[in-house]
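Shown next, in structure tokens, is the structure this report addresses.
The values are calculated or read from the model by the stated rules, or taken from the named source; none is laboratory data. Keep in mind that this is a model prediction, so the values were computed, not measured. Cβ sites come from the backbone with ideal geometry, for glycine too, and all protein chains shown count toward neighbours. Note: accessible area is taken over every heavy atom of the protein model, side chains too, but ligands, DNA and RNA are not part of it. Shrake-Rupley method; radii C 1.70, N 1.55, O 1.52, S 1.80 Å.
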Amino acid sequence: MSDPRGGDRPRPGGPPAAAVLPGLDLGRLRAHLDRTAPDLVTGPLRGAVLAGGRSNLSYEVTDGRTRFVVRRPPLGHVLATAHDMGREYRVQRALAPTPVPVPRVLLHCADPDVIGAPFYLMRYVRGRVYRVPAELTAPGPAAVAGLARSLVRTLGDLHAVAPDRVGLADFGRPDGFTARQVRRWKTQLDASRSRDLPGIEELHHRLAAAVPAAGDATVVHGDFRLDNAVVGPDGEIRAVLDWEMSTLGDPLTDLGLLLVYSARLHAPGWPTPAELAADYADRTGRDVSDLDWYVAFASFKLAVILEGVHYRYVRGQTVGAGFDRVGERVPPLIAAGLSTLGGS
């Protein structure tokens, strides 16, 4: 495939020419690269917006010889605690020598005057991104089951990384992580309110009142799911994408989110959430006997993320297609979170 955010047919030579890309001036990008990395590109740049990202924007860029991906924050309504390009760049660079597959990051620019926002550049990773269950039909049940095992193995590999050994000892504050996460996502919700969401206050209250005791902290991805991974022809994960929410914290928050996403992947061969959790426990040795809080929190967090996307969409601040129905997915997540905790 040609697109590390989706689509499965290569485009010879890279993306189609685009005179204007929303949020990315190719001329200014080229001038910056000529100053800071003069040997990196050799010809005129072409680019295209990559589909799939709900928050930070991704662009495929090529000089006709090499293909890159540029990542920058969304247009408008950028929350203070989100969209940190430096963190994305740092964690992927730190994980490069580990078993965790990540794109090769090339440079980070913190100066917002270059293209209008901080950004970083990474190598393009060839492979396929599976976004909807229908795309998992063609490979067949055995291949789909193998893909799920690869995904869980990758998550286990991430949680096995010792942060201090890869320069990430100060990448987060693991003490009080889960309680702080509940507060953080409530803050994000309050900053993105555009409509009434029945049940979400109750869900937040119940999560805040029952935060589990902290276990060993690891690097957590923060949005670990199948469509944040580039898959090779062999069904193995070639790269994990979208590290904007990565930090140090409770690894079961990653697992809970994967289970919420997986519950919606109705494809022959894809394991049930219980089977995925058991596979993770076998690989990592972690106790997963009490995951209800983590699954409910994942529903709350995902509801807030999607509500933020909906907020930007109704204000005309999203780039690309497919955002018009994001808001419809929020109420079912609230109901799922309450149900997991024993509510209605």
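Structure values in brief
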item: Lone qualifier among D216, D242, D227, D234 - being within 19 Å of D157 (Cα to Cα) and part of a helix (DSSP H, G or I); result: D227
item: Where a residue in segment 130-146 is of a type in the set (K, R) and its partner, wherever it lies, is assigned to a helix (DSSP H, G or I), with Cβ under 9 Å and at least six apart; result: R131/L226; R131/D227
item: Selected residue (only one of V100, V144, V91, V70 is surrounded by 20 or more Cβ atoms within 10 Å (Cβ to Cβ) and in contact with a strand residue (DSSP E or B) (Cβ under 6 Å, 6 or more places away or on another chain)); result: V70
item: Selection status of A31, part of a loop (DSSP other than H, G, I, E, B), out of contact with any strand residue (DSSP E or B) (no Cβ under 7 Å at 6 or more places or on another chain) and hydrophobic (A, V, I, L, M, F, W, C); result: no
item: Any hit, segment 221-238, residues being under 17 Å from the mean Cα position of the chain (by Cα), among the aliphatic types (A, V, I, L, M), under 17 Å from P99 (Cα atoms) and open to solvent by 10 Å² or more (accessible area, probe 1.4 Å); result: yes
item: Subset of segment 114-141 (residues that are open to solvent by 30 Å² or more (accessible area, probe 1.4 Å), more than 27 Å from H266 (Cα to Cα) and modelled with pLDDT under 95); result: G116, P118
item: Failed item in (1) open to solvent by less than 30 Å² (accessible area, probe 1.4 Å); (2) at pLDDT below 95, with G215 passing the rest; result: (1)
item: Test for E201: is it within 26 Å of E307 (Cβ to Cβ) and free of Cβ contacts under 8 Å to residues at least 60 places away in the same chain; result: yes
item: Pairs where the first residue, in segment 264-282, is touching a residue at least 60 places away in the same chain (Cβ under 8 Å) and of a type in the set (D, E) and the second is open to solvent by less than 20 Å² (accessible area, probe 1.4 Å) and outside any loop (DSSP other than H, G, I, E, B), C-beta under 8 Å, 6+ apart; result: D279/A148; D279/V152
